[in-house]
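The structure under discussion appears below in the form of structure tokens.
Here, each number is a calculation from the coordinates, and none is a lab measurement. Everything numeric here is computed off the predicted structure, so don't read it as measured data. Here the Cβ is made from the backbone with ideal geometry for all residues, glycine too, and neighbour counts use every protein chain on show.
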């Protein structure tokens, strides 16, 4: 205690003076500390801007799924990284906001209000002391003969001046005591609160990155494998280029020596020059669907116009007996090689984690059929001559067909003879095998044929088979955990591709916008609230705590989106959820309320606050205050005073599988989802429940829902098995297992329903599901921790009940058997 005695004395005034000097020193220190805190929060703000700028730059660099350049370096894979970086940036902005409120604002309030009150109280005290001294001197200076009325007036002035003086003195004492008291806890609370905010910031960042750790490791593994594969391909390319150079040198030497024979090839030439049998063997493969390139390369072709000018064209002779050429040269020579590489990568990653973003783009990598026209020569009805009509140019030959003659020029004698040999061999093979005309009538634009034409510009070998790449790639496990991922890939390929949760849930009413700020295309969700929110609002929701909001990503947290969760979200939606959580706000547009701040925002007086719904462009602190008021304080929720019929209504709603009604009752009335039903307490509700269930039965449904008809009489307690299956002593979860779907069970579990609670006969909700044959509900309960070894009143486990009731779902039986044996 600072003031043992309150009498005005020199010792008392000395004590006040010491406390004032201490307060002034504390004020100087606090101002310096506040400046440092301001620098720190500004740094956090700049850090947030830097994080968002980096995420935006990465997003721009990564491009999209329709950007071929982006696909080449794995841009779509970076999408998840961009989302994570934005989320971490949001955490940092929330941290900055909390430091601003917890530390900076409190320091400023302490300096500008508490310490300032000391100065103001000192001024008032000095003024009152002066007036008191003057009044006392006037009163004491009166003579003995002074009139009584004058003395009375002066005495009254003295009394008033003393009262004012004492009041000012005690105000100063109060201000000093307030400062002395607050400095014991104010700074500790502020700094420790700041450290707690940092703890949550780093914890959230760790949890987010920990969830992504498997994905990051898979991407790193894929990158390492891509590096090794690229090194191998680069070495192979260099080897092939060296082989090609050696082949060119040999061909040049053969030409310079005047030889018309063929060099002893090393694999670059596709077919031996004199081996018509080999040509026939290659062409036989076309009947099996394997199209191979026999010969390809550039030839000069003389135009059929009057000028007769020569144009260089790329010709392809394949194993189907087709000779065709491109009317104009491909503007991107590297396209063929990149297409082969793309096909190879796509095939190699066909069962891998990253194949989703590879496969959708590499299939479109063929030449554009509109920009590259093809002209086909029918070799079955054609002949070839080794000369050029009306031309003395070297290396020429002609292909004569019934419709048109083609005068072609090779680049060397060796090249000329090679083309003539192969075309002659193909014609001979076509004639000897008597290939029907229809075999040649197929368009060279066919997928297999077209692919061989475009892909083989860098490969000219009889061993070149487009299916070989796929077979080779399929034998190479380039992805982690090949067994599991291959099964997943096989499942995806064998059946229709399931929709993503984000696509399904955004179609629900109101889910195209954030439930809290209206930002478009929200990609985060609150599991227990049933709403979709944007990335900024999701960061605020995380700080509310999991007891208020369980935040998950629609794209990152894949395992969360089970059928029960999706069913629940489809039954609610942002529009309905906001009609509950913002009912009072929606009716007025703006809402005024008086709040008594708690925790780090504690002050002496309640605060009168005005709320309106924020927009997506508002700052995070604005959104934070609104979300805290909306969900933590339930400021905008209508709270009826009459709770007498809550249990009856929620029993009806669960029995009728009305998730919206149950959700509203839980939020508005904070209804207990674990209360025990007693026979006779909800008679009126049972009639309504039976009517609703009979209506469901009449409209049909899936196997699980059809069991509701069996449960109607049971709810009323009128069936023959009512003694065994009656609802007396049951909870809402037992009732949901009898009459509702997995979405209702999910809703009750999200709001604290005890999964292994027993009814009056010792039956758990899992027992109820097994008895009613509701496999989907049983799977959900088992996945959420239902005890498969719990025995009912008769000592029977769910597995034993399943055996007696001819329960036929093999997956549930397997789960029960495994858990029982384990």
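In whole percent, what relative contact order does the range 10-205 give with Cα contacts below 8 Å and a gap of six or more residues?
Values: 135 pairs, mean separation 53.5, N = 196.
About 27 percent, as a whole number.
Could you line up 502, 423 from fewest to most neighbouring Cβ atoms inside 10 Å? Mind dumping the intermediate values first?
Numbers: 502 18, 423 25.
With the sparsest Cβ surroundings first, the list reads 502, 423.
Quick check on packing: order 752-762, 214-224 by the mean number of other C-beta atoms within 10 Å, highest mean leading.
752-762, 214-224
What's the center-to-center distance, using Cα atoms, between the range 97-165 and the range 745-762 in Å?
Between the Cα centre of the range 97-165 and that of the range 745-762, the gap is 67 Å.
Let me know the shape class of the range 10-205, please: from the alpha-carbon gyration tensor, a ≥ b ≥ c as square roots of the eigenvalues, rounded when a/c is under 1.5, otherwise prolate if a/b is greater than b/c, or oblate. Spell out each step's value before the answer.
Details: a/c = 6.15, a/b = 4.54, b/c = 1.35.
Prolate is the answer for the range 10-205, as a/c is 1.5 or above and a/b outweighs b/c.
Restricting to Cα pairs below 8 Å that are 6+ residues apart, what does the relative contact order work out to for the range 50-129? Please round to a whole percent.
24 percent
Fewest to most neighbouring Cβ within 10 Å: what's the order for 727, 212? Don't skip to the answer; put the middle values down first.
Numbers: 727 27, 212 17.
In increasing order of surrounding Cβ atoms, one gets 212, 727.
Taking the number of other C-beta atoms within 10 Å as the exposure measure, put 403, 164 in order starting with the fewest. The partial results should precede the final answer.
Values: 403 8, 164 18.
Going from least to most buried by this count: 403, 164.
Please give the peptides 788-796, 660-668, 5-13, 771-779 ranked by average Cβ packing (other Cβ atoms within 10 Å per residue), highest first, as a rough proxy for protection.
Final packing ranking: 771-779, 660-668, 788-796, 5-13.
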